[in-house]
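Student: Have a look at the structure that comes next, please.
The values are calculated or read from the model by the stated rules, or taken from the named source; none is laboratory data. The structure displayed is predicted, hence computed values, not measured ones. Virtual Cβ from ideal backbone geometry, glycine too; neighbours counted across all protein chains shown. Just so you know, the surface numbers come from the protein's heavy atoms only, side chains and all, with ligands and any DNA or RNA stripped out. Shrake-Rupley method; radii C 1.70, N 1.55, O 1.52, S 1.80 Å.
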Amino acid sequence: MLQQKRKKGLSRSQRGFLWAFGIPTLLLYIYICIVPMFSSVLDSFYQWDGYGPKTWVGLQNYVEIFSDPVFHTSIINDVLIVFFKELLICVLATAFAVSLTRAKFSRAESGVYRFLFYLPNILSVIVITRVWKFVFELGLFDSILQLFGFNWTSPNGWLADYPLPIIIFVASWCGIGSYMIIMISAINNISKEIYEAAEIDGAGQFRQLFSITIPTILPQVRYMIVSILTSSLAANLNLVLPFTGGGPGTKSYVMGYYVYHAAYTEFEVGYANAAALLLMLISVVLAGTVNTLIARKEDR
Amino acid sequence: MKKSIRILTLLIGLVFLFSATGCNLFITEEVTSTSISWPSTSATTTTTSTGTGDTTGTGGADTPTGNGTTTATTTKTTAGVRTEPKLSGKLELQIFTNESQTADGGWTTVINEFEDATGVSVTAHIGSSVNTMMSGRWKKDNPPDMVWIDGSGISDLVYETSGKFYDITSLYEDGYVYGTNTRIRDVIDPNMMTRNNGKIMRMPLLSTAGGVWYDAKFFKENNFTVPNNYTELLTMAKQAKAAGYASYTYPGMYASYCLSNFIMPAVAAYGQEYTDQFLSGSKAAVGDSRFKKILQNYTDFCRTDGYLMPSTTTADHTTVQQRWITHKCLLIANGLWLPDETRKLWAKQNFDMTWHPSPMIEEGQKQTVLITAKKVAVASKAKNLDNALAFVRFILREDSQNTLMYSFGYMGVRTDMQFDVQKFVREAGGSDASLSTASALSYINSNKVDRVYWNESWGQLGDIIAAELNNLAMKGGSATVDSALSKILSECGKP
């Protein structure tokens with residue numbers, strides 16, 4: 001009955017408009033997203049180099065992937081990067097946002113800090129990796145340590161000995177700025193009267209932070225957590241590829257690099273499709289789980 | 001009367017003038033014509049034969065008709081010099097270069113000469129990302145007509161087994177170098193030919209070899225001796241370490257540099273047969289004690305004795321090259337293109353860049369270089385097959401070989417051409433980079449070294465060994481020679 005009313009509610013020209021704009025978009029979406037996805041699923045059951053004929057191998061690609069220790073390393077690395085990235089970005093982006101909104105910075109001073117924190121977001125990933133490679137590989141980091149009186153050294157080079165911590169640090173450094181802007185806009189939306197009332201009631205800055213600011217911006221924090229999670233699993237490749245190339249050996253392999261290497265270096269497209277499908281499944285499951293957990297906590 | 005004589009004289013003068021000019025024009029045309037086209041067809045004998053069967057390539061002036069029939073047309077002048085059939089239309093090429101001026105310039109020169117000689121209009125896709133850009137077209141069977149197989153993003157093995165390349169066996173067996181009476185099979189070094197089930201799908205065009213590079217001036221100033229074998233390498237490394245220098249580096253992000261230029265020559269020092277078995281992924285050869293010894297020496301050198309430059313295993317080309325040029329390290333593993341690639345870095349360093357064969361060989365073994373052929377292939381779905389085959393024959397001409405050799409810093413593949421250092425330096429513009437490359441090529445062509453050929457494409461095996469080299473080089477690393485060998489052996493025999 002309600003549907004009939006809705007149907008009646010749309011005029012002929014509105015329906016025409018919907019058909020005219022909806023159908024081409026849907027067809028385009030199916031052609032660009034759905035068809036390749038199904039094609040990838042299908043190809044994952046074949047042994048295929050991307051050029052020649054395909055050979056049906058059933059689940060063999062999946063069996064090989066699960067028995068490959070490099071794939072295990074890749075998953076562990078991805079999880080570690082995502083976990084620590086979440087931690088660093090969430091804490092620091094929120095801290096910077098709170099500082100820039102609640103601390104008594106002048107407008108100009110605040111603008112400069114916002115620009116500085118946001119700067120890594122407008123740099124190309126190649127520039128970023130180039131800069132940090134120089135820092136860690138050409139001795140600048142050692143000099144900084146020595147400046148502070150630490151004579152620490154790394155026998156194989158910092159990037160070779162600690163590729164994962166360095167990748168986590170640089171990835172977080174790149175990511176803080178954009179999330180900080182989201183947090184700033186969320187904090188700015190909180191009514192000043194609430195803070196004033198809290199102050200009158202005797203609440204200090206920390207009390208205000210934990211009782212007003214953080215609970216109010218929790219939806220944005222949830223968005224930040226899920227967004228970092230989903231984007232990182234796919235985007236870790238962007239940093240690993242120019243930074244370490246998965247090395248030394250396979251020490252800094254991530255799933256994205258595993259897929260890339262199989263497809264474009266080994267020319268095992270069927271195998272790469274299977275790995276890509278697993279990467280997608282893991283991303284969906286992780287994002288779904290985290291989203292549900294946070295939503296439950298918010299409901300409480 | 002006088003007026004008439006004057007007019008007549010003027011007319012005669014004009015006739016003479018026009019005759020002279022006309023003659024000059026005529027002569028110029030003739031000379032130009034001779035310089036750009038092959039000998040006149042005024043006195044020719046023509047033989048035409050038709051056969052049926054496989055169109056397994058074309059040789060000389062053979063013309064495939066595309067329907068299972070091959071029409072072979074051989075045209076000869078009375079003087080015995082072959083005349084090429086007229087070509088027309090287009091030709092599309094895929095050429096990987098590192099985008100250096102010299103390499104691009106070399107190809108451009110040869111392409112222009114081909115266009116002038118044949119009238120074919122050539123479209124060349126040249127650059128460092130061309131293989132990736134073109135891969136979609138190869139997948140859709142809409143490839144360029146010919147590809148120069150070099151750089152990343154292309155696998156000759158995959159393309160060949162997928163039927164992307166045209167069978168050029170008959171071109172090799174019966175074809176002639178363009179515009180000459182020279183049979184291709186008579187002049188191409190047979191060591192560089194690869195057959196797949198008896199068929200030739202790729203034609204060698206240039207060849208190169210790897211080793212280590214050092215600054216001869218710096219060595220002299222610091223009394224270092226360039227090592228010829230592993231024992232001497234250890235001696236040099238010990239002396240260098242005492243003086244505060246690392247001994248060896250390579251771009252660890254691409255550890256195949258270490259494998260190809262430092263490790264594989266040591267494998268090659270055990271002879272062509274063992275090398276062939278090794279490259280074909282034979283478990284017996286890879287698991288052999290000789291390779292194990294090389295890996296052990298490498299591990300001892302890099303990890304135990306700590307002679308590898310720190311940061312090597314994750315470094316890229318630029319980082320290691322920069323550190324090596326600023327004398328943080330003495331030896332770098334690389335191919336012959338290093339002087340050209342780094343010319344801007346070392347131009348102001350008063351650097352004497354010098355090449356040496358890999359010192360990973362045992363004491364008593366002869367220095368060995370592993371020669372790798374760089375090849376071209378014609379697409380099986382080439383739209384301009386005749387032109388592509390003619391171009392392959394054209395780039396095997398002596399002048400084309402010279403142009404490409406000088407521009408790339410590579411060696412040719414023709415056995416009838418002598419390497420001329422002076423000419424190389426002169427043709428390459430006399431730069432320091434060309435002097436370094438010329439000196440390396442001179443060394444490789446001398447009798448100081450044994451030449452072993454690398455013809456097999458070994459798929460994933462190379463990647464696995466390269467990754468293990470990084471693992472073995474890491475100080476405090478958990479990888480051992482046995483564990484590395486076990487991983488490598490598990491990859492042997494896979495396609």
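Student: For the protein assembly as shown, treating each Cα as an identical point scatterer without solvent, what Debye log10 I(q)/I(0) comes out at q = 0.06 1/Å?
Tutor: The computed values of log10 I(q)/I(0) come out as -0.52.
Student: Reachable lysines from B:LYS292, Cα under 17 Å, same-chain residues fewer than 8 places away excluded?
Tutor: Leaving aside lysines fewer than 8 places away in the same chain, those within reach of B:LYS292 are B:LYS283, B:LYS487.
Student: When Cβ neighbours within 10 Å are restricted to other protein chains, what is their mean count per residue of peptide B:314-323?
Tutor: 5
Student: Moving on. Tell me which residues come under 5 Å, amide H to amide H, from A:GLU268 once H is placed; ignore anything under 5 positions away on its chain.
Tutor: Amide H neighbours of A:GLU268: A:ALA263.
Student: Note down the net charge around B:LEU489, summing +1 for each Lys or Arg and -1 for each Asp or Glu among other residues with Cβ under 15 Å from its Cβ.
Tutor: That sum, taken over residues with Cβ under 15 Å, equals 0.
Student: Another question, then. Could you state the per residue volume, in Å³, of the convex hull enclosing the Cα atoms of chain A? Walk me through the numbers on the way to the answer.
Tutor: Values: hull volume 73.1 nm³, N = 300.
That works out to 244 Å³ per residue.
Student: When chain A is modelled as a GNM with alpha-carbon springs shorter than 10 Å, which of A:PRO24, A:PRO248, A:PRO36 fluctuates the most?
Tutor: A:PRO24
Student: Hey, another quick one. May I ask you to order B:450-461, B:285-296 by the average number of other C-beta atoms within 10 Å around their residues, highest value first? Walk me through the intermediate numbers first.
Tutor: Details: B:450-461: 19.6, B:285-296: 17.2.
Most protected by this proxy first, the peptides run B:450-461, B:285-296.
Student: Percent relative contact order of chain A, based on C-alpha pairs within less than 8 angstrom and at least six residues apart? Let's see the in-between values first.
Tutor: Numbers: 265 pairs, mean separation 88.4, N = 300.
Answer for chain A is 29 percent.
Student: Suppose we compare each residue of segment B:466-494 in its chain alone and in the full protein complex with a 1.4 Å probe; which ones drop by at least 40 Å² of accessible area?
Tutor: Residues meeting the cut-off: B:MET474, B:LYS475.
Student: How about B:LYS86: which aspartates and glutamates have a C-alpha closer than 13 Å to its C-alpha, ignoring those fewer than 8 places off in the same chain?
Tutor: Excluding near neighbours in sequence, the set is B:ASP62, B:GLU115, B:ASP116, B:ASP386.
Student: How large is the charge dipole for the protein assembly as shown, taken about the Cα centre, if only the Cβ atoms of Lys, Arg (+1) and Asp, Glu (-1) carry charge, to the nearest 20 debye?
Tutor: For the protein assembly as shown, the charge dipole is close to 2360 debye.
Student: Here is a further query. With every protein chain present, what is the per residue accessible area of segment A:186-292 (1.4 Å probe, Å²)?
Tutor: So segment A:186-292 comes to 45 Å² accessible per residue, rounded to a whole number.
Student: Report, to one decimal in Å, the Kirkwood hydrodynamic radius for segment B:348-412 based on all distinct Cα pairs.
Tutor: Taking the inverse mean of 1/r over all distinct Cα pairs, segment B:348-412 comes out at 15.8 Å.
Student: Here is a follow-up. In debye, nearest 20, what is the charge dipole magnitude of segment B:158-200 about its Cα centre with +1 on Lys and Arg Cβ and -1 on Asp and Glu Cβ, if you could check?
Tutor: Roughly 80 debye for segment B:158-200.
Student: Just list whichever of B:LYS241/B:LYS293; A:LYS133/B:LYS293; B:LYS423/B:LYS448; B:LYS90/B:LYS344; B:LYS238/B:LYS423; A:LYS104/A:LYS133 have alpha carbons separated by over 28 Å in the model shown.
Tutor: Going by Cα-Cα distance, A:LYS133/B:LYS293; B:LYS90/B:LYS344; B:LYS238/B:LYS423; A:LYS104/A:LYS133 fall outside the 28 Å limit.
Student: Could you pull out which residues in segment B:312-347 have an amide N less than 20 Å from a spot 7 Å beyond the Cα of A:ILE126, following the Cα-Cβ vector?
Tutor: Within reach of a label on A:ILE126, which here means backbone N under 20 Å from a point 7 Å along Cα→Cβ, segment B:312-347 contributes B:315-322, B:341-345.
Student: If I compute solvent accessible area with a 1.4 Å probe over the protein chains, what percent of it on the protein assembly as shown is carbon and sulfur?
Tutor: Solvent-exposed carbon and sulfur of the protein assembly as shown make up 59 percent of the total.
Student: Rounded, prolate or oblate: which one fits segment B:134-284, using the alpha carbon gyration tensor with axes a ≥ b ≥ c (rounded when a/c is under 1.5, else prolate when a/b beats b/c, else oblate)?
Tutor: Prolate.
Student: How big is segment A:11-56 by Rg and Dmax over its Cα atoms, in Å?
Tutor: 17.5, 53
Student: Read phi for every residue in segment B:154-162 and hand back ³J(HN,Hα) as whole Hz from Karplus 6.51 cos²θ - 1.76 cosθ + 1.60, θ = phi - 60°, with x for Gly and Pro.
Tutor: 9, 10, 4, 5, 5, 4, 5, 6, 8
Student: OK, next. Taking the Cα of B:ALA284, stepping 7 Å toward and past its beta carbon, and measuring to each backbone N in segment B:471-495: which are under 15 Å?
Tutor: What the label zone holds, given the 15 Å backbone N cut-off, is B:493.
Student: Quick one: among A:PHE210, A:PHE45, A:PHE136, which has the greatest mean-square fluctuation in a GNM of chain A with alpha-carbon springs under 10 angstrom?
Tutor: A:PHE210
Student: To continue, here is another question. If you count, for every residue in B:130-141, the Cβ atoms of partner chains within 10 Å of its Cβ, what is the mean?
Tutor: 1
Student: While we're here: So which helices of chain A fit the span-like rule, where a helix is a whole DSSP H run, its Cα atoms reach 24 Å or more along the axis, and its mean Kyte-Doolittle is at least -1.0?
Tutor: Long hydrophobic helices here: A:12-29, A:69-102, A:163-188, A:218-243, A:269-299.
Student: Give the Cα extents of segment B:297-381 along the principal axes, in whole Å, largest first.
Tutor: Cα spread of segment B:297-381 along its principal axes, largest to smallest: 53, 38, 26 Å.
Student: To the nearest hundred square angstrom, how large is the accessible surface buried between B and A, total for both chains, probe 1.4 angstrom?
Tutor: Approximately 2400 Å², summed over both chains.
Student: I want the local charge near A:GLY157. Using Cβ-Cβ distances under 13 Å, sum +1 for each Lys or Arg and -1 for each Asp or Glu among the other residues.
Tutor: Computed value for this residue: +1.
Student: Spin-label point model (7 Å from Cα, Cβ direction): what's the A:ILE30 to B:ASP276 distance in nm?
Tutor: Distance between the two pseudo-spin positions: 5.7 nm.
Student: Mind running the shape call on segment A:167-300? Use the C-alpha gyration tensor, a ≥ b ≥ c as the square roots of the eigenvalues: rounded below 1.5 for a/c, prolate if a/b tops b/c, oblate otherwise.
Tutor: Note, shape of segment A:167-300 comes out prolate.
Student: On to the next question. Take A:ARG207 and B:ASN181, extend 7 Å from each Cα along the Cα→Cβ direction, and tell me the distance between the two endpoints in nm.
Tutor: Each label point is offset 7 Å from its Cα along the Cβ direction, giving 10.7 nm.
Student: If you don't mind, there's one more thing I want to ask. How big is D, in µm² s⁻¹, for segment A:96-155 by Stokes-Einstein at 37 °C and 0.692 mPa s if Rh is the Kirkwood radius over C-alpha pairs?
Tutor: Rounded to a whole number, D works out at 231 µm²/s.
Student: Would you jot down the residues in segment A:227-250 that end up with at least 20 Å² less accessible area in the complete protein assembly than in the chain alone, with a 1.4 Å probe?
Tutor: The answer is A:THR244, A:PRO248, A:GLY249 - residues whose exposure falls by at least 20 Å² when every protein chain is included.
Student: Can you tell me which aspartates and glutamates have their Cα less than 17 Å from the Cα of A:LYS85? Leave out same-chain residues fewer than eight positions away.
Tutor: Result set, ordered by chain and number: empty.
Student: When the helices in chain A are scored as -39500 (n - 2.57) per DSSP H run of 4 or longer and the sum is shared across all residues, what 222 nm value do you end up with, to the nearest 500 deg cm²/dmol?
Tutor: Only helices count here, giving -23500 deg cm²/dmol.
Student: Roughly how far apart, in whole Å, are the Cα centres of segment B:376-404 and segment B:214-242?
Tutor: Computed from Cα coordinates, the inter-centre distance equals 44 Å.
Student: Within 10 Å of each Cβ in peptide A:133-139, how many partner chain Cβ atoms are there on average? Round it to a whole number, please.
Tutor: What the average comes to for A:133-139 is 5.
Student: How much length would be gained if the chain were fully extended between A:SER185 and A:PHE17, taking 0.36 nm per residue of separation minus their Cα-Cα distance, in nm to one decimal?
Tutor: 56.9 nm
Student: To continue, here is another question. Taking amide H positions as placed in the peptide plane 1.01 Å from N, state which residues far from B:LEU206 in sequence (5 or more) or on other chains have amide H under 5 Å from it.
Tutor: B:LYS374
Student: Decide, for segment B:368-495, between rounded, prolate and oblate: order the square roots of the alpha carbon gyration tensor eigenvalues as a ≥ b ≥ c, take rounded if a/c falls under 1.5, and otherwise choose prolate if a/b is larger than b/c, else oblate.
Tutor: Because a/c hits 1.5 or more and a/b fails to exceed b/c, segment B:368-495 counts as oblate.
Student: What distance in nm separates the simple spin-label points at A:SER99 and A:LEU59, each placed 7 Å from Cα in the Cβ direction?
Tutor: 5.2 nm
Student: Please tell me the relative contact order of segment B:351-495 in percent, rounded to the nearest whole number, where contacts are Cα pairs under 8 Å and at least six residues apart.
Tutor: Details: 107 pairs, mean separation 39.6, N = 145.
Relative contact order of segment B:351-495: 27 percent.
Student: Also: Determine the percent antiparallel among the DSSP beta bridges restricted to the protein assembly as shown, to the nearest 5.
Tutor: So the antiparallel bridges in the protein assembly as shown amount to around 65 percent.
Student: Compute accessible area for segment A:41-67 by itself and then with all protein chains, 1.4 Å probe, and report residues whose area falls by 30 Å² or more.
Tutor: Buried-area filter returns A:ASP49, A:TYR51.
Student: For chain A, with a Gaussian network of springs between Cα atoms less than 10 Å apart, report the residue from A:TYR195, A:TYR271, A:TYR258 with the top mean-square fluctuation.
Tutor: For chain A, modelled as a Gaussian network with Cα springs under 10 Å, the answer is A:TYR195.
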